[in-house]
Amino acid sequence: MNFHGGDVYKFSGRIIDFSSNINPMGVPDSFKRLLSERLEDFTKYPDLEYQEVREHVAAYLQIKNIEYIIPGNGAVELIYKLTASSGAERVVSLSPTFSEYRRAANAAGLEFNEISAFSSDFTTINMEMLIGNIKPHSLVIICNPNNPTGTLVEKAAMKELAAALLKLDCRLIIDEAFMEFTDSYPGNSMVDTVEEFMNITVIRAATKFFGMPGIRLGYAVTANIEAAKGAKELMEPWNLNSAAVIAACSIFEDQSYIEKARTWVKSEREYLFEGLCNLKELRVYPSKANFHLVELINRKMTASQLKADMVKDGILIRTAEGFNGLSEFHFRLAVKDRSSNETLLKIFRGFMK
């Protein structure tokens, strides 16, 4: 089954969607302007090599060789193609984490193993435990910061993991879909280490940070040309449409949007965290991303029951279905704008009474 947030189509009336971790600043104006200027692009097929896309992504990431860039129809396509072409004997990830890693392994006919290496408050990972449980010839997929816990693995620890996996003849995919939301970005990104570690591939997407889930624009970065070639050979032709190409040619240069979004997310993440922590019935886990993992402490209702009640008030939350290692009392909340966050906290206070 598909387990994702953002399924607002099941509900009628106005819904504030806290289930989907999307930047509520919405589509950048730079994209809207370029889209109107390049409508004629829709009268022809996109470039099969996606030269423009790769050039703009490379400039954004300060990557000199555009051959390191693999465009994808969202990050999920890249996860599936890179898994299928990995040549690995199994796929290993953490628990809890994004459900599509398991589905990608299953689709490729590979064994999937999850390792519970998080601390009890999900703020750190026991790297020694993780590395000690990985067999040679594995594909390891790490979401950083992790969905749904918001855990950020520091760069030094990630480099330790990459080096250990290199000795085990293992590949490492680092899913950095939420990295741009972190306060330390780009300090903890592994993009600038791809030439140092030929066994790693970093995946990003425009979906989250640039508030454009409908565009389906993702990209992977690896200096392992053979790994890139293997994934590209599995791609269908024209896997990106013209709208995604236009997005790539505009959003990555929109410094005003990028700076405003980063400042805003930091402020609202802290505001929502403090507001939720004031409710004694909830346990709120610290997060470095644009969402919070929350747990119902009193066990008087499940997260699914809470979701059903909150929908009546126009609030949609993300329950823990699809996340192994979480209970029926866990749920995830995206960070939204101040008005929406205030509405959420007000409704929560009413429920908790």
Given (1) 18.2; (2) 17.2; (3) 20.4 as candidate values of mean projected area of the Cα convex hull in nm², which corresponds to the one derived from the coordinates? (2)
Applying a 10 Å radius around every beta-carbon, put 159-171, 28-40 in order of their mean neighbour count, most first. 159-171, 28-40
For Ser36 and His4, calculate 0.36 nm times their separation in residues minus their Cα-Cα distance, and state this gained length in nm to one decimal. 8.4 nm
Give me the one-decimal nm value for the distance between modelled label points at Ser256 and Ala156, 7 Å along each residue's Cα-to-Cβ direction. 4.0 nm
How far apart, in nm, are the 7 Å Cα→Cβ label points at Ser327 and Ile66? 5.3 nm
How far is it, in nm, from the label point at Thr124 to the one at Glu233 when both lie 7 Å from their Cα along the line to the Cβ? 4.3 nm
At a 10 Å Cβ-Cβ cut-off, how would you order Lys10, Lys336, Lys260, Lys155, fewest neighbours first? Lys10, Lys260, Lys155, Lys336
Contour minus end-to-end for Asp29 and Ser304, with contour as 0.36 nm per residue of separation and end-to-end as the Cα-Cα distance? 95.3 nm
Protection proxy ranking, peptides 117-123, 264-270, 239-245, average beta carbon neighbours within 10 Å, highest first: 239-245, 264-270, 117-123
XL table Lys312/Lys336; Lys280/Lys336; Lys32/Lys208; Lys81/Lys260; Lys135/Lys208; Cα-Cα > 24 Å flagged, in table order, is Lys81/Lys260; Lys135/Lys208
Furthest towards positive pole of dipole, Asn146, Met129, Leu333, structure part the chain, Cβ charges: Leu333
Show me the ranking of peptides 215-227, 72-84, 124-136 by mean Cβ neighbours inside 10 Å, starting with the highest. 72-84, 215-227, 124-136
Reduced to Cα centres, the span from the stretch 168-216 to the stretch 236-277 in Å works out to 14 Å
Total charge dipole magnitude, the chain, about the Cα centre, Cβ charges on Lys, Arg, Asp, Glu only, Debye to nearest 20: 1160 debye
Return a whole-number percent for the relative contact order of the stretch 92-174, with Cα pairs under 8 Å and 6 or more residues apart as the contact set. 33 percent
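All of the numbers you see were taken from the coordinates with simple rules; none came from a lab. Predicted model, so just to flag it, every value in this text is computed and none were measured. Cβ: placed from backbone, ideal geometry, glycine included. Neighbour counts: every protein chain shown.
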